[in-house]
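Student: Okay, handing you the structure first.
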Amino acid sequence: MFTGTYTAIVTPFRDGQIDEAALQRLIKIQISAGTDGIVPVGTTGESPTVNYEEHVHIIALCVKFAAGKIKVLAGTGGNSTSEAIYLTEKAEQAGADGSLQVAPYYNKPTQEGLFQHFREVARHTRLPIMLYSIPGRCGIEIGVETVLRLVKAAKTVIGIKEAGGNPDRVSQLRAALGPRFEIVSGDDALTLPFMAVGAQGVISVASNVIPRQVARMVQAFASGKTAAALRIHQYYYPFFKDLFVETNPVPVKAALTMLGQIKEEYRLPLVPMSADNRQLLRNTMKHCGILK
């Protein structure tokens, strides 16, 4: 349902407002590049700094601009269950294809709290739900047993974006949940290692900039062309790493600006890259043939 290459798409701003024209252009690029879908208003889409109205509007725009040509997996999680329910209901009304539900951050619920949170969200929507475990940002991991409980309790919980940096988690999830449960990487640099042990794709930051190449890498590995996939991975690996030389999504927005695709604008507390890191990213993009 949500396997393959999904782009965690940036939210372009201009003069403090959502740059709708730029967002439409970005989505057209994703469609033509052969990606399977987009994920709006996740971390890369700067969800922490948009208000509820903007959050819902961005999802609606993405559904409109995608026009059924690629899927829209809407980021509608939150650290308040009522907020996550509200955003998910609005995403369903807007026509999203699914919901990406991040683990509640900062308040660090127990595994029982996580189970009840996600189960309650699932009760309020018919959308398929992909969980999102990223302990580096949330301070907690969605335990394998908790995922198993959720799949048994809510038929709409169909997969997980795994961003804990550990391929062994993929093996554990696959063993516990079987072949039909969807697992995707949340880290571009780990896409191939994760797929080697059972993941089925990636929710990618890099594919904002090189969507065709990331899609080809994932497709090659999935079709058994592992050597071809490895060549793409090795060629773009420096770029995968340097996109995180500062806090995401600052470097990816800087990269898109270098390519003339968006205006480089953030909302506080995010600020532009340091001069040294900007030059590092520029050099890497030139080295990888992304920038002339």
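The values are calculated or read from the model by the stated rules, or taken from the named source; none is laboratory data. As the structure is a computational prediction, the values presented were derived from the model and not from experiment. Cβ placement follows ideal geometry from the backbone for every residue including glycine, while neighbour counts extend to all protein chains displayed. Remember, those area values only see protein heavy atoms, side chains included, never the ligands or the DNA or RNA. Shrake-Rupley method; radii C 1.70, N 1.55, O 1.52, S 1.80 Å.
Student: Looking only at the range 174-202, which residues are more than 15 Å from ALA222 (Cα to Cα), in contact with a Phe, Trp or Tyr (Cβ under 7 Å, 6 or more places away or on another chain) and not small (Gly, Ala, Ser)?
Tutor: Across the range 174-202, the qualifying residue is only ASP188.
Student: Just one of LEU268, LEU281 is over 19 Å from the mean Cα position of the chain (by Cα), closer than 28 Å to PRO48 by Cβ, touching a residue at least 24 places away in the same chain (Cβ under 8 Å) and loosely packed, with under 14 Cβ neighbours inside 10 Å; which is it?
Tutor: Values: LEU281 fails: loosely packed, with under 14 Cβ neighbours inside 10 Å.
Only one candidate passes the filter, namely LEU268.
Student: How many of the residues making up the range 24-33 are in contact with a strand residue (DSSP E or B) (Cβ under 8 Å, 6 or more places away or on another chain) and either among the polar types (S, T, N, Q) or at positive phi (or both)? If you could, list the steps in order and put the result at the bottom.
Tutor: Of the residues in the range 24-33, the ones in contact with a strand residue (DSSP E or B) (Cβ under 8 Å, 6 or more places away or on another chain) are 27, 30.
This time we only want the ones that are either among the polar types (S, T, N, Q) or at positive phi (or both), so: 30.
Going through the range 24-33 one residue at a time, the tally reaches 1.
Student: Need the failing condition index for MET1 against (1) modelled with pLDDT under 95; (2) in a strand (DSSP E or B), just the number.
Tutor: Result: MET1 fails condition (2) only.
Student: Moving on to the next point. In this structure, is PRO167 of a type outside the set (A, V, I, L, M, F, W, C) and farther than 21 Å from SER99 by Cα?
Tutor: In short, yes.
Student: Quick test of your reading of the structure: GLY165 fulfils all but one of (1) at negative phi; (2) open to solvent by 40 Å² or more (accessible area, probe 1.4 Å); (3) touching a residue at least 12 places away in the same chain (Cβ under 8 Å). Name the failing condition by number.
Tutor: (1) is the only condition that GLY165 fails.
Student: Right, another one. Going by the conditions given, is GLY201 among the small types (Gly, Ala, Ser), at pLDDT below 95 and under 28 Å from GLN116 (Cα atoms)? Can you show your working first?
Tutor: Details: among the small types (Gly, Ala, Ser): yes; at pLDDT below 95: no; under 28 Å from GLN116 (Cα atoms): yes.
No: the conditions fail for GLY201.
Student: Separate question: One residue is enough: does the range 263-283 have a residue meeting the conditions on the phi > 0 side of the Ramachandran plot and in a loop (DSSP other than H, G, I, E, B)? Outline the logic, then answer.
Tutor: Restricting attention to the range 263-283, the residues satisfying the condition of being on the phi > 0 side of the Ramachandran plot are none.
The answer is no; no qualifying residue exists.
Student: Continuing with the same structure: Within the range 104-121, can one find any residue that is part of a strand (DSSP E or B) and either open to solvent by 10 Å² or more (accessible area, probe 1.4 Å) or within 18 Å of ALA74 (Cβ to Cβ) (or both)? Break it down into steps so the answer makes sense when it comes.
Tutor: Taking the range 104-121 and keeping what is part of a strand (DSSP E or B), we get none.
Within the range 104-121, none of the residues are part of a strand (DSSP E or B) and either open to solvent by 10 Å² or more (accessible area, probe 1.4 Å) or within 18 Å of ALA74 (Cβ to Cβ) (or both).
Student: Sticking with this one: Restricting attention to the range 148-169, which residues are of a type in the set (Gly, Ala, Ser), farther than 12 Å from MET130 by Cα and assigned to a loop (DSSP other than H, G, I, E, B)?
Tutor: If we filter the range 148-169 for residues that are of a type in the set (Gly, Ala, Ser), which is where we start, we get 153-154, 159, 163-165.
Next, from what is left, pick out any that are farther than 12 Å from MET130 by Cα: 153, 163-165.
Listed by number, the residues that qualify are ALA163, GLY164, GLY165.
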